[in-house]
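Everything below concerns the one structure shown next.
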Amino acid sequence: MTFYERDFMEGTRGTMAVDWEERIDTKRMRNERKERALERMRDAGLSSMLLLSDPNIRYVTGLAMTGGSGADHYSLLLEDGNVVHWDTADHASNQRFNCPWLNDIRYACPGLGNVPRASGSPSARKFLLDKMAETVATALSDYDLKGEPMGLDVGNAGLVDALERQGVDVDTETCGAVMEDARKVKTKDEIECLRMVAAIAEAGFQQVVENARPGRRESEVWGDVTRELWRHGAFVGGGYLTSGPNTWPKHQANTTDRMMRPGDLVYADMYNIGYLGYRSCYYRTFSLGEPTQAQQDAYELARDNLYDVLERIEPGATTDDVSQGFPDMDGEHAEWYDADDHWQMTTNHWAHGLGLQLYEVPLIWRGISEDHPIELEEGMVMAVETQEPADRQGVRVEEMVVVRENGVEILSQWPVEEITTIDY
């Protein structure tokens, strides 16, 4: 199997800004991302795009949107490269001071989501939605784009109606595809962000090794992990740790108060851990004491299935061919689940894109890829994940990879050959 060979000194460096070596160039990353979106927007025949999705807003503006009450922030990308951004009063005031690359920041009217819902008043909801549409129409007029086609990435029917009443020509079909195309292949700096978040996740795995032992609760160990992740500058937007019988079937993506015992398998899922917005998805399995032979065999099968998939990944490969590296229905233990088809086995064996959100293009999964294939491109980043049951427990293993011309680059570096044994 051929893997991407990094150049000398290429790879994760420090998380701080310095003047004595090149690290992640955030200005370059912001500019390159916006230019990609702008180029594809123009090619699609749109004169502007109204972005409501947080990852899309961050991609174009660089603003660290971490969710909100719904449409209390939105951005308009214009064909000349200007951006109008609306936000809540305090946020907008801070952005005017801290974000000099944005020169038109206005106060948002939250026409969607929790604010109008909480009003308890149909007339208040209509006022907020109409006012939101008016703010957008006013901005389009300010830039002489009123009446030109404007893309909308979240096709809310009420908002579309309100915008059209303001005379805005709304296109709800094109914008999502434009942003998907812009975001699916990562720049040099985006890849380095993803390499960095993998390194931070490994600091979390080390906390599992140092703190997991009989008598400690899952929640206590996960607390140690999250403290370490935050210490390295990560945003912890998800992830969990589970043990013993909670490892098969996978426990509802929750860390519980279960007390660990000798002989337990433990796995940590570093998903949705963010560094400069770029999200991880990275499993590793641990054993409190030596794993049994059955557990070692299950792990070897899961790892081999994963690396069979990795061997198939290259530019130009199609997701239907790559998906054949994942288990068939027997290998999915479909009988145990009482399942009849791959589409019922969501999240068990698949690969999904990574970027400013957890699931991006591509998705490689026998549930859809065989009948709906797409082509892989150099620079795509994805997480490939597998699992297997063993001794009434389960193992999981996952790698974060970049599609490279000469083989995948594996961003994740925690040892994968065997289950990590924790001596206590």
What is the distance in Å between the Cα centroid of segment 270-295 and that of segment 193-227? 9
What does the charge dipole of segment 127-208 about its Cα centre add up to, to the nearest 20 debye, if the Cβ of each Lys and Arg holds +1 and the Cβ of each Asp and Glu holds -1? 380
Contour minus Cα-Cα distance for Arg117 and Trp336 (0.36 nm per residue): 74.6 nm
Write down the Å³ per residue value for the convex hull defined by the alpha carbon atoms of segment 257-312. 109
Among Gly353, His91, Val168, whose Cα sits farthest toward the positive end of the charge dipole of the chain (+1 at Cβ of Lys/Arg, -1 at Cβ of Asp/Glu, about the Cα centre)? His91
Which net charge results when you count Lys and Arg as +1 and Asp and Glu as -1 among the other residues whose beta-carbon is under 11 Å from that of Ser75? -1
Is the shape of the chain rounded, prolate or oblate, going by the alpha carbon gyration tensor and its root eigenvalues a ≥ b ≥ c, with a/c under 1.5 for rounded and a/b larger than b/c for prolate? prolate
Counting only residues 5 or more apart in sequence or on a different chain, those whose built amide H sits under 5 Å from that of Val395 are Glu388, Ala390
Can you give the Rg and Dmax of segment 185-422 based on its C-alpha atoms, in angstrom? 17.0, 50
If you count, for each residue, the other Cβ atoms within 10 Å and average over each peptide, how do 285-297, 386-398 line up from highest to lowest? 386-398, 285-297
First select every other residue whose beta carbon is under 15 angstrom from the beta carbon of Gly62; then total the charges, Lys and Arg +1, Asp and Glu -1. +1
Take every DSSP beta bridge whose two residues both sit in the chain, then give the antiparallel share in percent to the nearest 5. 80
Explain nothing, just compute: Karplus ³J(HN,Hα) = 6.51 cos²θ - 1.76 cosθ + 1.60, θ = phi - 60°, for every residue of segment 84-97 in order, whole Hz, x for Gly and Pro. 9, 10, 10, 8, 5, 4, 5, 4, 4, 4, 5, 5, 4, 7
What ³J(HN,Hα) values, in whole Hz, does the Karplus curve 6.51 cos²θ - 1.76 cosθ + 1.60 give for segment 293-298 when θ = phi - 60°, with x put for Gly and Pro? 4, 4, 5, 5, 5, 5
Going by amide H atoms built from the backbone, whose H comes under 5 Å of the H on Glu360, apart from near neighbours? Gly353, Leu354
Descending packing, highest mean Cβ count within 10 Å first, for 71-82, 409-420 is 71-82, 409-420
Taking 264-272, 178-186 and ranking on average Cβ neighbours within 10 Å, highest first, one gets 264-272, 178-186
Using unit Cβ charges (K, R positive; D, E negative) and no other charged atoms, how large, in debye to the nearest 20, is the dipole of the chain about its Cα centre? 2040
In whole Å, what are the Cα extents of segment 190-246 along the three principal axes, biggest one first? 40, 21, 17
Using θ = phi - 60° and Karplus 6.51 cos²θ - 1.76 cosθ + 1.60, couplings along segment 207-220 (whole Hz; Gly, Pro as x): 5, 4, 4, 7, 10, 7, 6, x, x, 8, 7, 3, 5, 5
Stokes-Einstein D for segment 380-424 (10 °C, 1.306 mPa s, Kirkwood Rh from Cα pairs), in µm²/s, comes to 127
Residues of type lysines that Lys146 reaches as a straight line, Cα spacing below 29 Å, ignoring anything fewer than 8 places off in the same chain: Lys34, Lys126, Lys131
Net charge around Glu300, counting only other residues with Cβ within less than 14 Å of its Cβ (Lys, Arg = +1; Asp, Glu = -1)? -4
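Bear in mind that the values in this text are calculations on the coordinates, not laboratory data. The structure displayed is predicted, hence computed values, not measured ones. Backbone-built Cβ (ideal geometry, glycine too); neighbour counts: all protein chains shown.
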